Amino acid sequence: SQPAVSIQVRELEKSYGTPLLHRTRQGPVLIDTGRTVFEYARRIFALAGEMQSAVHDLQGLKGGRLTIGSSTTPG
């Protein structure tokens, strides 16, 4: 909900000790600090998605590491 988002934004601002938004009558506008936090959050979510795909690939044996050994002696 919108109030829950506002609370989370305020908690982030409190955590970093700086505002992330400029609050106007037309609505909130990201300031430089907010844009920086947003960009890192976007990258974190993208990495989380890549991680989930990699884990699913390993579970389905679509990817992984295979080590093959051989010998010159006929076995």
**Item:** Residue check, ALA4 surrounded by 10 or more Cβ atoms within 10 Å (Cβ to Cβ) and among the small types (Gly, Ala, Ser)
**Value:** no
**Fill in**
Conditions (1) outside any helix (DSSP H, G or I); (2) hydrophobic (A, V, I, L, M, F, W, C); (3) in contact (Cβ under 8 Å) with a residue 12 or more places away in the chain -> ILE68 fails only (3)
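Report whether or not SER53 is more than 17 Å from the chain's Cα centre (by Cα) and either open to solvent by 80 Å² or more (accessible area, probe 1.4 Å) or at negative phi (or both). Don't jump to the end; show me each part of the working.
Numbers: more than 17 Å from the chain's Cα centre (by Cα): no; either open to solvent by 80 Å² or more (accessible area, probe 1.4 Å) or at negative phi (or both): yes.
Spelling it out, it is not the case that SER53 is more than 17 Å from the chain's Cα centre (by Cα) and either open to solvent by 80 Å² or more (accessible area, probe 1.4 Å) or at negative phi (or both).
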**Prompt:** If the Cβ limit is 9 Å and pairs must be 6+ apart or interchain, which residue in the stretch 1-28 that is without any contact (Cβ under 8 Å) to a residue 60 or more places away in the chain pairs with which residue that is of a type in the set (Asp, Glu) and outside any strand (DSSP E or B)?
**Reply:** PRO19/GLU13; LEU20/GLU13; LEU21/GLU13
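Quick grid of which residues meet (1) loosely packed, with under 12 Cβ neighbours inside 10 Å; (2) polar (S, T, N, Q); (3) at negative phi:
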residue: GLN8; (1), (2), (3): yes, yes, yes
residue: ARG23; (1), (2), (3): yes, no, yes
residue: VAL37; (1), (2), (3): no, no, yes
residue: ARG43; (1), (2), (3): yes, no, yes
residue: SER71; (1), (2), (3): yes, yes, yes
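The values are calculated or read from the model by the stated rules, or taken from the named source; none is laboratory data. Since the model is a prediction, treat every value here as computed from it, not as a measurement. Glycine also receives a Cβ, built like all others from the backbone with ideal geometry; neighbour counts cover every protein chain displayed. Ligands, DNA and RNA are stripped out before the accessible areas are found, and what is left, the full protein with its side chains, is counted by its heavy atoms. Shrake-Rupley method; radii C 1.70, N 1.55, O 1.52, S 1.80 Å.
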